Amino acid sequence: MDYTILVNNKNLLLPDYIPEDLIEIYEPMGSKLDKTYINRLNIKAYKAFKEMQKDALKEGYEIFIDSSYRTYEYQKRIFDQTVKEKGLKHALKYVALPGGSEHQTGLAIDIIFKRNNKMIEEQTENDPEIKWLFSHAHIYGFILRYPKGKEKITGFNFEPWHFRFVGQELAKKIYIQNITLEEYYTLQKRAQ
Ligand SMILES: [Zn+2]
């Protein structure tokens, strides 16, 4: 598994791309605190998340995975549905193309959190949990994949909840240089 794989609307995954090393995970679903649902995630990314979750809890932050692996078909359904409801322009702006969601790699997670026993689903950059993630996720190998101010580069709107596992080494580089995965690859090409 290449943890540094670049996926976006210009670098699409094929419909039959199914990542290796997926394991079943059990996480709470949205606001339903009493329910868990089965999803799948890359095993190394999951182990890294569990470490991060443990350390976040020491600070009093209860973080969970809301969304992880998604199939090509699933993304296609979301995209087609959005086109139907809101038009192609809206869909292209707010939804990843089929094959363009890195959730298909099994390396991306959307994070939600619980505060005072309530699930918070409107994550913003001002939430202390999110702030903690912004400055600590790289230690565990995650990057904030769609940062604010980099929308034109990533092709995605700012998503303070979406984190991508790239491994500790690359995550640290990207964090220190304050760049995106796209910019990392552009710099790599220039250096060759
Ligand atoms: Zn996401």
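Give the cross-link partners of residue 47 among the aspartates and glutamates, using a straight C-alpha distance below 14 Å as the criterion and excluding same-chain residues fewer than 8 apart.
Hits, sequence-local ones excluded: 21, 24, 27, 55.
Would you kindly derive the ³J(HN,Hα) couplings of region 112-128 from the backbone phi angles with the Karplus curve 6.51 cos²θ - 1.76 cosθ + 1.60 (θ = phi - 60°), listing them in order in whole Hz, with x for Gly and Pro?
Listing the rounded values in order: 10, 8, 10, 9, 6, 6, 10, 6, 9, 10, 9, 6, 10, 5, 8, 5, x Hz.
Name the residues of region 86-102 whose amide N is less than 20 Å from a point 7 angstrom out from the Cα of residue 189 along the C-beta direction?
Counting only backbone N, you get 97, 100-102.
When the chain is fully extended, how far beyond the present Cα-Cα distance does residue 135 get from residue 23, taking 0.36 nm per residue of separation?
Gain in length upon complete extension: 37.6 nm.
With each run of n ≥ 4 DSSP H residues scored as -39500 (n - 2.57), what mean residue ellipticity at 222 nm is computed for the chain after dividing by its residue count and rounding to the nearest 500 deg cm²/dmol? Intermediate values should be presented prior to the final figure.
Details: 7 runs with 72 residues, N = 192.
Mean residue ellipticity at 222 nm (helix-derived): -11000 deg cm²/dmol.
Please compute the length gained on full extension between residue 93 and residue 152, using 0.36 nm multiplied by the number of residues separating them and subtracting their Cα-Cα distance. Numbers along the way, then the final one.
Values: separation 59, 0.36 × 59 = 21.24 nm, distance 1.09 nm.
Residue separation times 0.36 nm, minus the Cα-Cα distance, leaves 20.1 nm.
Where in region 134-173 is the amide nitrogen less than 15 Å from a point lying 7 Å along the Cα-to-Cβ axis of residue 2?
Counting only backbone N, you get 166-167.
Straight-line reach from residue 44: which lysines have Cα under 16 Å away, leaving out those fewer than 8 places along the same chain?
Counting by Cα, and skipping residues close in sequence, residue 44 has these lysines nearby: 54.
If the only charges are +1 at each Lys and Arg Cβ and -1 at each Asp and Glu Cβ, what is the size of the charge dipole of the chain around the Cα centre, to the nearest 20 debye?
Numbers: 29 positive and 27 negative charges, 86 e Å.
The calculated dipole for the chain is roughly 420 debye.
State the percentage of accessible surface on the chain attributable to carbon and sulfur atoms; use a 1.4 Å probe and exclude ligands, DNA and RNA.
Details: 5500 of 10620 Å².
Answer for the chain: carbon and sulfur cover 52 percent of the accessible area.
Just report the Cα centroid separation between region 46-71 and region 112-134, whole Å.
Here the answer is 12 Å between Cα centres.
Simple spin-label model, 7 Å along Cα-to-Cβ: residue 51 to residue 120 in nm?
Taking the two extended label points, one gets 2.5 nm.
Estimate the FRET efficiency between residue 71 and residue 172 by the formula 1/(1 + (r/R0)^6), using the beta-carbon distance for r and 25 Å for R0, to the nearest 0.05.
Numbers: r = 31 Å, r/R0 = 1.23.
For residue 71 and residue 172, the calculated efficiency is 0.25.
Give the lysines reachable from residue 50 as a straight Cα distance under 24 Å; neighbours fewer than 8 places away on the same chain don't count.
Hits, sequence-local ones excluded: 32, 35, 58, 114, 118, 131, 172, 173.
Which of 22, 144, 188 sits farthest toward the positive end of the charge dipole of region 22-191, with +1 on the Cβ of Lys and Arg and -1 on the Cβ of Asp and Glu?
The Cα lying farthest towards the positive end belongs to 188.
The values are calculated or read from the model by the stated rules, or taken from the named source; none is laboratory data. Please read all numbers here as calculations on a predicted model, not as lab measurements. So basically every Cβ, Gly included, is an ideal-geometry build from the backbone, and we count neighbours across all protein chains shown. To get the accessible areas, we keep the full protein, side chains included, count just its heavy atoms, and leave off ligands, DNA and RNA. Shrake-Rupley method; radii C 1.70, N 1.55, O 1.52, S 1.80 Å.
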